[in-house]
Amino acid sequence: MSDKLLTSWLESANGDTDFPIQNLPYGVFDDGKGPRVGVAIGDQIIDVTAIDHGQDAALFAVPAWNLFMAAGSDVWSSFRARLTSLLSEESHRAAIEPHLVPQADARMLLPFIVAEYTDFYAAKNHAFNVGSMFRGPENALPPNWLSIPIGYNGRASSVVVSGTDVTRPWGQVKGPNDDLPRFAKCARFDLELEMGAIVGTPSNGMVSVAEADEMIFGYVLLNDWSARDIQAWEYQPLGPFQSKATATTISPWIVPKAALEPFRTSTPERERDLLPYLSEPGPMLYDIELEVGLAPEGKAESIISRTNYSQMYYSAAQQLAHHTSSGCVMRTGDMLGSGTISGESKESRGSLLELSWGGKEPLKLASGDERSFLEDGDVLTLRGAAKGDGYRVGFGECTGKVLPAIDLPDWAQD
């Protein structure tokens with residue numbers, strides 16, 4: 001490690017960990033004593049509710065970070081600086097150590113109350129791949145794609161925390177040889193590797209990209225589970241609906257934007273100029289390495305994709321600024337899904353739809369199994385980290401296991 005690298009008196013926070021003192025992400029945990037807000041440090045959680053916060057105590061009194069998020073960037077900064085001091089200076093060890101809870105002894109809950117959820121389609125490689133499959137490469141990108149961050153309003157109720165099982169959905173499907181649709185179990189269940197941006201302070205009218213960036217509290221990993229066969233039948237003319245409503249899994253820790261500042265990077269060169277309201281004052285993306293692991297039930301995991309958040313064509317700040325342009329009010333706890341993050345190579349594609357090219361090129365896993373789409377019992381794990389000099393800022397794991405579809409009730413059968 002560099003001599004100048006800040007370290008903690010907690011040894012597990014120094015070295016091989018997602019949660020060094022440079023990170024300090026926010027979560028909600030329950031160790032059998034009730035849910036509370038906490039901050040990850042090494043292999044421990046600091047019980048934030050047990051620390052004296054003076055006049056700010058009410059911000060931490062409920063098991064969600066929304067009140068703190070709404071308090072604004074000055075409060076975020078002062079709290080982060082105080083935590084850094086408490087965890088780095090040996091003189092504070094005796095006061096803080098009794099309020100540390102091993103992560104292994106805690107159950108993680110949703111870290112914030114989700115107000116609304118919007119999912120975007122903002123990585124060019126993913127949009128090009130999917131468009132090529134269905135419309136050919138010459139018509140892959142919709143005419144508006146290079147000018148506007150495309151998105152749809154999802155369901156806040158679909159958002160679940162890592163470790164939550166996901167049940168295979170039923171829905172209307174219509175195959176190429178079907179005269180009419182039928183109600184069936186999803187046969188083409190998929191993952192989507194995404195990042196989620198969490199809105200801290202609400203908007204008041206239209207905001208610039210710079211102002212939108214200031215509103216963002218932090219980021220999570222996000223798996224936008226997708227029922228591709230249901231989606232194919234329902235998405236015209238208004239886009240995804242039930243095919244995206246099964247579940248949206250997020251990592252349990254919100255990595256604060258402040259922790260990602262050293263890893264800022266620019267969006268790609270534009271193929272055509274964006275309108276002025278989407279102009280960026282500087283680098284708005286982050287260099288975050290991402291991977292997806294797939295483990296068939298009872299078998300070893302295979303890493304099926306590796307990519308980077310820097311592949312996005314539109315940043316979260318641009319997405320948020322665009323969202324406000326109609327007068328739409330953005331609230332504390334709103335979440336923006338980045339859209340599937342895919343790189344240029346086959347190994348960097350962020351969904352099975354792309355990795356198997358619509359099922360035509362099944363993946364071979366280390367276990368010997370093949371996958372075109374997800375099977376019951378499969379466990380999906382998303383991981384991500386920004387890597388610095390001697391440390392990494394990680395998100396922990398974002399996992400979910402696919403359970404079989406429920407038995408169809410008699411009244412829903414033919």
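Quick look at the values:
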{"quantity": "S325 accessible area, assembled protein chains, probe 1.4 Å, Å²", "calculated": "50 Å²"}
{"quantity": "Förster radius 30 Å - calculated FRET efficiency between H53 and A104 (Cβ-Cβ, nearest 0.05)", "calculated": "0.65"}
{"quantity": "Per-peptide average of other Cβ atoms within 10 Å, ordering 400-407, 53-60 highest first", "calculated": "400-407, 53-60"}
{"quantity": "Rounded FRET efficiency, nearest 0.05, which uses the C-beta distance separating S91 from K360 and R0 of 56 Å", "calculated": "0.35"}
{"quantity": "Theoretical gain in end-to-end length, L180 to E301 [0.36 nm per residue, Cα-Cα removed]", "calculated": "39.7 nm"}
{"quantity": "Local net charge near P252, Cβ-Cβ under 12 Å (Lys/Arg +1, Asp/Glu -1)", "calculated": "-2"}
{"quantity": "Nearest 10 degrees, 0 to 90: helix 124-135 Cα axis against the chain principal axis", "calculated": "10 degrees"}
{"quantity": "For A321, net neighbour charge (Lys/Arg +1, Asp/Glu -1) across residues whose Cβ lies under 12 Å away", "calculated": "-4"}
{"quantity": "With DNA, RNA and ligands ignored, accessible area of D165 (1.4 Å probe; Å², nearest 10)", "calculated": "80 Å²"}
{"quantity": "Those chymotrypsin sites (Phe, Trp or Tyr not before Pro) in segment 312-365 that DSSP places in a loop and that have at most 15 other beta carbons within 10 Å", "calculated": "none"}
{"quantity": "Dipole of segment 293-414, positive end: most advanced residue of A295, M335, F373 [Cβ charges, Cα centre]", "calculated": "M335"}
{"quantity": "Solvent exposure ordering (accessible area, 1.4 Å, most first) of R182, R107", "calculated": "R107, R182"}
{"quantity": "Cβ crowding within 10 Å averaged over residues, with 205-213, 9-17, 269-277 ranked highest first", "calculated": "205-213, 9-17, 269-277"}
{"quantity": "In sequence order, calculated HN-Hα J values of segment 343-349 (Karplus, 6.51, -1.76, 1.60; Hz; x Gly/Pro)", "calculated": "x, 7, 8, 4, 5, 10, 7"}
{"quantity": "Simple Cβ-charge dipole of segment 328-414, Lys/Arg +1 and Asp/Glu -1, about Cα centre, in debye nearest 20", "calculated": "560 debye"}
{"quantity": "Formal net charge of residues neighbouring T340 (Cβ-Cβ distance under 13 Å; K, R +1; D, E -1)", "calculated": "-2"}
{"quantity": "Where GluC sites (Glu not before Pro) fall in DSSP loop in segment 49-124, at most 12 other Cβ within 10 Å", "calculated": "E89"}
{"quantity": "Antiparallel content of DSSP bridges confined to the chain, in %, to 5", "calculated": "90 percent"}
{"quantity": "Heavy-atom SASA rank of L382, L6 (probe 1.4 Å, accessible area, largest first)", "calculated": "L6, L382"}
{"quantity": "Euclidean distance between Cα centres, segment 44-74 to segment 127-163, Å", "calculated": "36 Å"}
{"quantity": "Two-site FRET efficiency, D74 against S325, from Cβ-Cβ distance with R₀ of 25 Å, rounded to 0.05", "calculated": "0.40"}
{"quantity": "Projected label distance in nm at Q236 and E214, using a 7 Å step from Cα toward the beta-carbon", "calculated": "4.5 nm"}
{"quantity": "Crossing angle, helix 73-88 versus the chain [Cα axis fit, 0-90 degrees, rounded to tens]", "calculated": "60 degrees"}
{"quantity": "Interchain or long-range residues, amide H under 5 Å from T265's placed H", "calculated": "M284, L285, Y286, D287"}
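The values are calculated or read from the model by the stated rules, or taken from the named source; none is laboratory data. What you see is a predicted model; the values in this text were computed from it and never measured. Every residue, glycine among them, receives a Cβ derived from its backbone with ideal geometry; neighbour counts consider all protein chains shown. All accessible areas refer to the heavy atoms of the entire protein, side chains included, with ligands and DNA or RNA removed. Shrake-Rupley method; radii C 1.70, N 1.55, O 1.52, S 1.80 Å.
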